[in-house]
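Participant: Starting off with a structure, shown below.
The values are calculated or read from the model by the stated rules, or taken from the named source; none is laboratory data. From a predicted model like this one, the values you see are computed outputs, not experimental measurements. Counting neighbours? That spans all protein chains shown, and the Cβs are built from the backbone with ideal geometry, glycine included. When the accessible area is computed, the model is the full protein with side chains, heavy atoms only, and any ligands, DNA or RNA have been set aside. Shrake-Rupley method; radii C 1.70, N 1.55, O 1.52, S 1.80 Å.
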Amino acid sequence: LSAPASRIAAVPFGTGGALFMGGFDASGAPTNTVQNFQDAHVTAAGTLPSAEGSAVAASLGANIYLLGGEGSTIYQLTGTSFTAVGSLPAATADAAVATVGGTAYVIGGYTRTAELNTIVAFTPGSPAQTVATLPVALRYPAAAALGGEVYITGGSTAGIASATVYRFDPATKAVTSFATLPHGRDRESARALDGRIYVIG
């Protein structure tokens with residue numbers, strides 16, 4: 001990267017690459033940088049309309065969206081320009097995101113004053129809306145979609161790391177406890193690969 005950074009929003013981009021957006025710099029301040037990772041090289045790729053730390057990003061159709069961070073704004077990336085296309089119900093940082101079909105689900109998070117227990121659905125062309133609630137508020141969870149359902153792993157509640165894995169069914173909007181991790185964890189990553197979900201870090 002061009003400089004040390006944490007809590008970057010990342011999304012697949014290009015041919016086997018990724019786009020990195022915002023995050024916090026080494027001093028803990030949010031940044032507006034956009035960087036393109038391709039062929040083992042990182043290059044500058046524009047700037048966000050505002051500094052955004054701990055946002056999440058999703059690819060929906062042919063477009064990339066940045067959701068939340070310092071505020072509640074949803075931005076759409078077109079070429080090298082970002083356009084505000086909606087808002088989450090509340091300012092949302094430290095959330096997880098997973099996509100099923102053409103919808104992104106923003107899970108849990110933090111408003112800068114309170115932890116969130118919401119699952120918010122965003123489909124381009126429609127307002128973002130809360131479609132389900134978790135049994136507890138979760139900050140720093142991870143999530144991955146598999147088989148049309150979303151699996152939510154770990155996170156923390158009032159600073160205590162969770163070992164619970166929840167399953168969310170977008171069709172029925174039901175949230176159920178699914179499994180237990182070997183130990184509580186937060187600020188991890190989760191990805192689906194070959195029919196399995198890997199929880200990392």
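Participant: Just checking: which of the strands (runs of 3 or more DSSP E) contained wholly in the range 115-201 hold 2 or more residues that are over 22 Å from T103 (Cα atoms) and open to solvent by less than 60 Å² (accessible area, probe 1.4 Å)? I'd like the intermediate steps shown before the answer.
Facilitator: Values: elements: 118-122, 129-133, 142-146, 149-153, 160-169, 174-185, 189-193, 196-200.
Counting at least 2 such residues, we get 160-169, 174-185.
Participant: A follow-up question, please. Name the one entry in V85, V42 that is assigned to a strand (DSSP E or B), open to solvent by 10 Å² or more (accessible area, probe 1.4 Å) and out of contact with any Leu (no Cβ under 9 Å at 6 or more places or on another chain). Lay out the reasoning, then the answer.
Facilitator: Values: V42 fails: out of contact with any Leu (no Cβ under 9 Å at 6 or more places or on another chain).
The conditions single out V85.
Participant: Show the residue pairs meeting these rules: Cβ distance below 6 Å; 6+ apart or different chains; first residue within the range 118-133 and over 18 Å from I152 (Cβ atoms); second residue surrounded by fewer than 15 Cβ atoms within 10 Å (Cβ to Cβ).
Facilitator: Once the first residue is over 18 Å from I152 (Cβ atoms) and sits in the range 118-133, its partners that are surrounded by fewer than 15 Cβ atoms within 10 Å (Cβ to Cβ) give T123/G102.
Participant: Another question, if that's okay. Just checking, how many residues over the range 137-159 are aliphatic (A, V, I, L, M) and closer than 15 Å to D94 by Cβ? Reasoning before the result, please.
Facilitator: Here is the first cut: in the range 137-159, the ones aliphatic (A, V, I, L, M) are 137-138, 142-146, 150, 152, 158.
Now drop any that are not closer than 15 Å to D94 by Cβ, which leaves 137-138, 142-143, 152, 158.
Residues in the range 137-159 being aliphatic (A, V, I, L, M) and closer than 15 Å to D94 by Cβ: 6 in total.
Participant: Just to be sure I understand, how many residues within the range 48-58 are open to solvent by 10 Å² or more (accessible area, probe 1.4 Å) and either without any contact (Cβ under 8 Å) to a residue 12 or more places away in the chain or more than 16 Å from T83 (Cβ to Cβ) (or both)?
Facilitator: The number of residues fulfilling the criteria is 2.
Participant: On to the next question. Quickly run through the range 102-111 and pick out the residues that are touching a residue at least 24 places away in the same chain (Cβ under 8 Å) and either in a loop (DSSP other than H, G, I, E, B) or open to solvent by less than 30 Å² (accessible area, probe 1.4 Å) (or both).
Facilitator: Step one: of the range 102-111, the residues touching a residue at least 24 places away in the same chain (Cβ under 8 Å) are 102-110.
Selection gives G102, T103, A104, Y105, V106, I107, G108, G109.
Participant: Could you please give the count of residues in the range 64-82 that are open to solvent by less than 20 Å² (accessible area, probe 1.4 Å) and not in a strand (DSSP E or B)?
Facilitator: Summing the residues that are open to solvent by less than 20 Å² (accessible area, probe 1.4 Å) and not in a strand (DSSP E or B) in the range 64-82 gives 2.
One line per residue, one yes/no per condition, for (1) at pLDDT below 95; (2) touching a strand residue (DSSP E or B) at 6+ places or on another chain (Cβ under 9 Å); (3) farther than 25 Å from D186 by Cα; (4) open to solvent by less than 10 Å² (accessible area, probe 1.4 Å):
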| position | (1), (2), (3), (4) |
| --- | --- |
| G16 | yes, yes, yes, no |
| F24 | no, yes, no, no |
| P30 | no, yes, no, no |
| G46 | yes, yes, yes, no |
| A62 | yes, no, yes, no |
